[in-house]
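Working notes, beginning with the structure itself.
The values are calculated or read from the model by the stated rules, or taken from the named source; none is laboratory data. Not measured: the values here are computed from a predicted model. A quick note on method: Cβ atoms are made from the backbone with ideal geometry, for glycine too, and the neighbour counts reach across all protein chains shown.
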Amino acid sequence: MHYRVIALDLDGTLLTPEKRILSESLVALQNARESGAKVVIVTGRHFVAIHPFYQALALDTPAICCNGALLYDYHEKKVITSDPLQPDQATQLIDLLDSYNVHSLMYADDAMFYKEPTGHIIRTENWAKSLPESQRPVFKHVSSLRETAQNVTRIWKFALTDTDTVKLQNFGQVIERELGLACEWSWHDQVDIAQVGNSKGKRLAQWVKSQGLSMDQVIAFGDNHNDLSMLKSAGLGVAMGNAVDEVKACADLVIGSNTETGIAETVNKYFEYVPA
């Protein structure tokens, strides 16, 4: 198979635990692009939280963000296509969050909004301080998520975090049953809530088709449950060594962890760089 597209999850995959891209990966991906490959970021992150990585990769492709809720044109700074939550869905979800005492980060418009500063938010904000101001993710502390939800234009997803993962799992079942929304684990202690039908695989397939290509021509790399849809549909689905077991089980190939050079080695194997 002649692969033409490289789809990359960020956290736990392309990024090390220190939120850096290995130099070997940067070189291999650059060489692949020069050989004609299209490299695309496919992430659970908001587009305001991918700046340093998009710039480091020097991409010209749009980014698939918030687990497929939207396709974002980084250079034009605009959303190309999206399937956001409806205002009434968001309001009902926030009411349930309050009643079950579950903390959430709301991804909307061009920022991430929170009422309570969870450990995830604190860690991310501390990491952001090491970045130039123009590359920092945009967080906004608000007194009421419910009021904020009524004043934003589009809500991409909610990210729920809790040290009690059983509590999160049970709450996710409540959301699916009572609101009919989709719940997807994106980290060991984070569940993402979004519109039913959104997924990394679905949005990636739409974009790949728009390029006159097919998913058989895609190599996709991932590590968590929210990557399953794209790994299953890609021509070559690659799981990281640090991936959850379910992802490893569905992958065509399992490589080393996100601290090792497996991504570079795989890319170099399938994309031959010929210097000009």
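Take residues that are crowded, with 17+ Cβ neighbours inside 10 Å and over 18 Å from the mean Cα position of the chain (by Cα) and tell me which of the helices (runs of 4 or more DSSP H) falling wholly in segment 178-276 contain 1 or more.
262-270
Looking at A69, A108, A128, A159, can you tell me which residue is in the same structural domain as D11 (by TED's automatic domain parsing) and either more than 26 Å from L204 (Cα to Cα) or of a type in the set (A, V, I, L, M) (or both)?
A69
For segment 1-18, what are the residues that are among the charged types (D, E, K, R) and crowded, with 16+ Cβ neighbours inside 10 Å?
Passing the criteria: R4, D9, D11.
Cβ contacts < 7 Å: first residue free of Cβ contacts under 8 Å to residues at least 24 places away in the same chain, restricted to segment 80-100; second residue outside any strand (DSSP E or B), any location; separation 6+ or different chain. Result?
I80/P62
Name the pairs: first residue in segment 153-171 and surrounded by 14 or more Cβ atoms within 10 Å (Cβ to Cβ), second residue part of a strand (DSSP E or B) and of a type in the set (D, E, K, R), Cβ to Cβ under 8 Å, at least 6 apart or on different chains?
K157/D192; F158/D192; A159/D192; L160/D192
Select from segment 86-110 the residues that are out of contact with any Pro (no Cβ under 9 Å at 6 or more places or on another chain) and within 30 Å of A56 (Cα to Cα) and list them in ascending order.
Selection gives S104, L105, M106, Y107, D109, D110.
Quick check on this structure: which one of S257, S233 is free of Cβ contacts under 8 Å to residues at least 24 places away in the same chain and touching a Gly at 6+ places or on another chain (Cβ under 9 Å)?
After applying the criteria, what remains is S257.
Looking at V191, is it of a type in the set (A, V, I, L, M, F, W, C), out of contact with any Pro (no Cβ under 6 Å at 6 or more places or on another chain) and under 30 Å from G237 (Cβ atoms)?
Yes: the conditions hold for V191.
Look through segment 141-173, keep the residues that are among the basic types (K, R) and in contact with a Ser or Thr (Cβ under 8 Å, 6 or more places away or on another chain), and return whichever of them is nearest to A56 (Cα to Cα).
R154
I'm checking my understanding of the structure. Among residues of segment 184-221 that are among the β-branched types (V, I, T) and in contact with a Ser or Thr (Cβ under 9 Å, 6 or more places away or on another chain), which one is farthest from P17 (Cα to Cα)?
It comes out as V208.
Restricting to segment 112-151, give me the number of residues that are aliphatic (A, V, I, L, M), crowded, with 18+ Cβ neighbours inside 10 Å and over 24 Å from T163 (Cα atoms).
The number of residues fulfilling the criteria is 1.
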